[in-house]
Amino acid sequence: MDIFDLAVIGGGPAGYSAAITAAKSGLKTALIEKNELGGVCLNRGCIPSKAMLHSAKIFRQALASDKFGVTCKEASFNLGAALAHKNDIIYQLKCGIADSLERAGAKVIKAEAHIKGKADGLFITAAGENDIYSKNLLICTGSKPNELEIPGADTTDVSDVYNLDAIPKSAAIIGGGASGLEAAEYLNALGCKVSV
């Protein structure tokens, strides 16, 4: 039986940071992640929003460049290229996280985790079809938005905005927090009429 000093469930910013720190400190560490390293922030939230919003802002600046003494004729927005740029950033950052985990000596297990219980002082966590035994267990699973059942809604998760292959003519965003306002600013910069 392979026993870890620490098993971390969730490979988002809290989980991968904890796993790297623990492994560098000499603890035998396992990180269990069912989807992608980096969690929501890297894959669907903070990073995609900043990348796409930056592309949209450059486009808007090009359209208004005359007032700054710069002539930019026929500026257009290539959504496919902007999406490819965003995806490249995400890929590079994920590779960096994976490399940091490997260099620290943490074992990454790509599986869905279920806590089975505790026996003989060890936590037992099902990771896919295998059981992981650990002296300590850290849960860093984050959260996800509630799915709203709204008739006619194309998407109910604001992070899906940064994967659209076409910008809608109009959109309603429910929630005026940071995520909602960034999505509104992005869509508005590309000509979408947005209501928050």
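For this structure, a couple of remarks:
- By accessible area with a 1.4 Å probe, ligands and nucleic acids excluded, highest first: order of 91, 186, 16: 91, 16, 186
- DSSP finds beta bridges in the chain, and of those with both partners inside it, around 40 percent are antiparallel.
- For the range 117-196, the Kirkwood radius over C-alpha pairs fed into Stokes-Einstein at 4 °C and 1.567 mPa s yields D = 81 µm² per second.
- Our estimate of slack between residue 64 and residue 143, defined as 0.36 nm per intervening residue step minus the Cα-Cα distance, is 24.5 nm.
- Axis of helix 46-63 versus longest Cα principal axis of the chain: the two differ by about 10°, to the nearest ten degrees.
- Helix axis angle, 178-189 relative to the chain longest principal axis, alpha carbon, degrees: 30 degrees
- Normalised by the number of residues in the range 59-145, the mean separation of alpha-carbon contacts (under 8 Å, six or more apart) gives a relative contact order of 13 percent.
- Rel. contact order, % - alpha carbon contacts under 8 angstrom, at least six apart, the chain: 28 percent
- Taking amide H as placed 1.01 Å from N in the peptide plane, the amide H of residue 109 sits under 5 Å from that of 31, 32, 33, each at least 5 places away or on another chain.
- Ignoring lysines fewer than eight residues from residue 73 along the same chain, the ones with Cα atoms less than 23 angstrom from its Cα are 57.
- Taking a straight Cα-Cα cut-off under 16 Å and skipping sequence neighbours fewer than 8 places away in the same chain, the aspartates and glutamates within cross-link reach of residue 86 are 36, 160, 165, 182.
- The angle separating the long axis of helix 13-24 from the principal Cα axis of greatest extent in the chain is about 40 degrees.
- Global geometry of the range 40-196, whether rounded, prolate or oblate, following the gyration tensor of its Cα atoms and the 1.5 cut on a/c: prolate
- Protection proxy ranking, peptides 7-15, 46-54, 95-103, 113-121, average beta carbon neighbours within 10 Å, highest first: 7-15, 46-54, 95-103, 113-121
- All aspartates and glutamates inside 14 Å of residue 28 as judged from Cα atoms, apart from same-chain residues fewer than 8 positions distant: 2, 5, 102
- For the pair the range 1-19 / the range 65-86, the C-alpha centres are spaced 42 Å from each other.
The values are calculated or read from the model by the stated rules, or taken from the named source; none is laboratory data. Being a predicted model, the structure only gives us computed values, none of them experimental. Glycine also receives a Cβ, built like all others from the backbone with ideal geometry; neighbour counts cover every protein chain displayed. All accessible areas refer to the heavy atoms of the entire protein, side chains included, with ligands and DNA or RNA removed. Shrake-Rupley method; radii C 1.70, N 1.55, O 1.52, S 1.80 Å.
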